[in-house]
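These notes are about the structure you will find just below.
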Amino acid sequence: MTDMITFPDVVNWAVPLFIAAILAELLWIVTKGRGGRYETRDALTSLIMGAGNVASGILLGFVAYGFFMLLWEITPIDLGTSIATIALCFVLDDLRYYWVHRFGHRIRWVWASHVNHHSSQHYNLTTALRQTWTGTFTFMMVVRAPLILLGFHPAMVLFVGGLNLIYQFWIHTEAIGRMPRWFEAVMNTPSHHRVHHGRNPRYLDCNYAGVFIIWDKMFGTFVPELDEEKPDYGLVRNLGTFNPIRVAFHEWVGIFRDATQPGLTWRERLNYCIMPPGWSHDGSRETSSAIKARHVRDHPEHASTPGLPPLPDHTP
């Protein structure tokens, strides 16, 4: 087995590029008067969240890497480090990202970590840096386990994951409309990802792709950006704060408060952790599915259009 393998920390290498791109986008918006909005406090919060993500990676990264190395010790397969192996690892890791991202919207425990990325009501390149501080505690590292067991070295898996994150940076912008049709058909783009950040009922819980939008098309979660419906960015219930501590931890606090209510069964307490965001034991809140259904009831002309369900069947 090959143990001493190193790959560059491409995310840190890309930081100057991130800064240059943010300044270029801001200059474009200021000079052209279009292509997005910047709000100083919002952008600063995103930058602080990005710095906190780096710090949490330094403090807690050993947990995931240690887990991966334990798996590497027990797998009998070593696929090596050829270009073809790295390319295959990149594609398979992107599929892994799709499912982790989808879990992040459908399991409240994972959403508690991911929600901060959706908390901005603006959509610009600083939004890409609004990353979690608590990803380790979701235990989503286990979704990478099959890659290690299939023979991809942990250092390689983390390397291609870094490339994935770098790719996703540029799609957080309104300054780019649509890419060529062939590119939009295969790759994740600003248009596709704007939809993902929309809180419009039709845009909830879709377009989970990291690099290849084909996963959403394969698994039925793709919704196109409609010219007649601009994404409204943010959360279903926006936080109303720029405090990075609250942004980072508010949903964890919410889970604790909900799960420790008096008079609940153990199943109900568990469900507050693992059911989709918006689930409640008494039905007093709405999940994304309920929001979509309500929207269709209020706007029947939208039924069965992209991202929305058909009208309920009232046939006796």
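At least 1 residues that are within 30 Å of H122 (Cβ to Cβ) and of a type in the set (D, E) in each: list the helices (runs of 4 or more DSSP H) lying fully within the stretch 238-316 that qualify. Working first, answer last.
Values: elements: 244-259, 266-274, 288-298.
The helices (runs of 4 or more DSSP H) meeting that bar are 244-259, 288-298.
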request  = Considering only the stretch 79-96, state which residues are surrounded by fewer than 14 Cβ atoms within 10 Å (Cβ to Cβ) and either of a type outside the set (A, V, I, L, M, F, W, C) or closer than 30 Å to H122 by Cβ (or both).
outcome  = G80, S82
note = Within the stretch 117-133, residues being part of a loop (DSSP other than H, G, I, E, B) and either open to solvent by less than 10 Å² (accessible area, probe 1.4 Å) or closer than 21 Å to T6 by Cβ (or both) number 4
inquiry  = Against the definition (closer than 30 Å to V186 by Cβ and either surrounded by 12 or more Cβ atoms within 10 Å (Cβ to Cβ) or of a type in the set (A, V, I, L, M, F, W, C) (or both)), how does P309 come out, yes or no?
reply    = yes
request  = May I ask you to verify whether R144 is out of contact with any Cys (no Cβ under 8 Å at 6 or more places or on another chain) and within 30 Å of W279 (Cβ to Cβ)?
outcome  = yes
task = Tell me, please, whether a residue that is of a type in the set (V, I, T), assigned to a loop (DSSP other than H, G, I, E, B), surrounded by 17 or more Cβ atoms within 10 Å (Cβ to Cβ) and on the phi < 0 side of the Ramachandran plot can be found in the stretch 164-174.
result = yes
inquiry  = Given the criteria of a type in the set (K, R), crowded, with 17+ Cβ neighbours inside 10 Å and at pLDDT 95 or above, does R41 qualify?
reply    = no
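Taking D216 as the residue in question, decide whether it is in contact (Cβ under 8 Å) with a residue 40 or more places away in the chain, farther than 24 Å from P300 by Cα and either in contact with a Phe, Trp or Tyr (Cβ under 9 Å, 6 or more places away or on another chain) or outside any strand (DSSP E or B) (or both). Reasoning before the result, please.
Values: in contact (Cβ under 8 Å) with a residue 40 or more places away in the chain: yes; farther than 24 Å from P300 by Cα: yes; either in contact with a Phe, Trp or Tyr (Cβ under 9 Å, 6 or more places away or on another chain) or outside any strand (DSSP E or B) (or both): yes.
Against the criterion (in contact (Cβ under 8 Å) with a residue 40 or more places away in the chain, farther than 24 Å from P300 by Cα and either in contact with a Phe, Trp or Tyr (Cβ under 9 Å, 6 or more places away or on another chain) or outside any strand (DSSP E or B) (or both)), D216 qualifies.
So is I19 surrounded by 10 or more Cβ atoms within 10 Å (Cβ to Cβ), without any contact (Cβ under 8 Å) to a residue 24 or more places away in the chain and more than 30 Å from F139 (Cβ to Cβ) or not? Outline the logic, then answer.
On the way: surrounded by 10 or more Cβ atoms within 10 Å (Cβ to Cβ): yes; without any contact (Cβ under 8 Å) to a residue 24 or more places away in the chain: yes; more than 30 Å from F139 (Cβ to Cβ): yes.
For I19, the condition - surrounded by 10 or more Cβ atoms within 10 Å (Cβ to Cβ), without any contact (Cβ under 8 Å) to a residue 24 or more places away in the chain and more than 30 Å from F139 (Cβ to Cβ) - is met.
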Filtered residues of the stretch 148-159 (kept if open to solvent by 10 Å² or more (accessible area, probe 1.4 Å) and either at pLDDT below 95 or part of a helix (DSSP H, G or I) (or both)) = L149, A155, L158, F159
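The values are calculated or read from the model by the stated rules, or taken from the named source; none is laboratory data. Here the structure is a predicted model, which is why all the values come from computation and not from measurement. Note that each Cβ is placed from the backbone with ideal geometry, even for glycine, and that neighbours are counted across all protein chains shown. Accessible surface is based on the protein model in full, side chains and every heavy atom, while ligands, DNA and RNA are left aside. Shrake-Rupley method; radii C 1.70, N 1.55, O 1.52, S 1.80 Å.
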